Amino acid sequence: MQFPNERQLKTLRERYPAGTHIRLNHMDDPYAPVPDGTVGEVQYVDDAGNIHMKWQNGRTLSLIEEADSFTIIKEEGK
């Protein structure tokens, strides 16, 4: 695994600021995935580039941009 550099981290943090709502399309985790279609809120992006989430089902499993499929939910009027 290659860690992101400072420029890449800045881009990730700008793309996924805390409070961003995301709908999971699919998570490739054979052990304990979050179910497809679950909505969650970004808590923060860590130094490894993991997107820490608080899912509506109570889970807190992180997203990885290159490994997981998800969609940012746009708020009405924005």
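Values for this structure:
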quantity	calculated
Which listed residue is surrounded by 13 or more Cβ atoms within 10 Å (Cβ to Cβ) and out of contact with any Cys (no Cβ under 8 Å at 6 or more places or on another chain), from Gly49, Gly58	Gly49
Residues that are touching a residue at least 24 places away in the same chain (Cβ under 8 Å) and either within 23 Å of Glu75 (Cα to Cα) or open to solvent by 100 Å² or more (accessible area, probe 1.4 Å) (or both), drawn from the range 2-14	Phe3, Leu12, Arg13
Scan of the range 54-78 for residues that are in contact with a Lys or Arg (Cβ under 8 Å, 6 or more places away or on another chain) and free of Cβ contacts under 8 Å to residues at least 40 places away in the same chain, ordered by number	Thr60
Some residue of the range 28-44 being in contact with an Asp or Glu (Cβ under 9 Å, 6 or more places away or on another chain), modelled with pLDDT under 95 and exposed (fewer than 14 other Cβ atoms within 10 Å of the Cβ)	yes
Thr60, sole failed condition from (1) in a strand (DSSP E or B); (2) at pLDDT below 95; (3) polar (S, T, N, Q)	(1)
The lone exception for Ile22 - which of (1) open to solvent by less than 30 Å² (accessible area, probe 1.4 Å); (2) not in a strand (DSSP E or B) it fails	(2)
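The values are calculated or read from the model by the stated rules, or taken from the named source; none is laboratory data. A quick note: this is a predicted structure, and the numbers were derived from the prediction, not measured. As a convention, Cβ positions derive from the backbone with ideal geometry for all residues, glycine included, and neighbour counts pool all protein chains shown. Just so you know, the surface numbers come from the protein's heavy atoms only, side chains and all, with ligands and any DNA or RNA stripped out. Shrake-Rupley method; radii C 1.70, N 1.55, O 1.52, S 1.80 Å.
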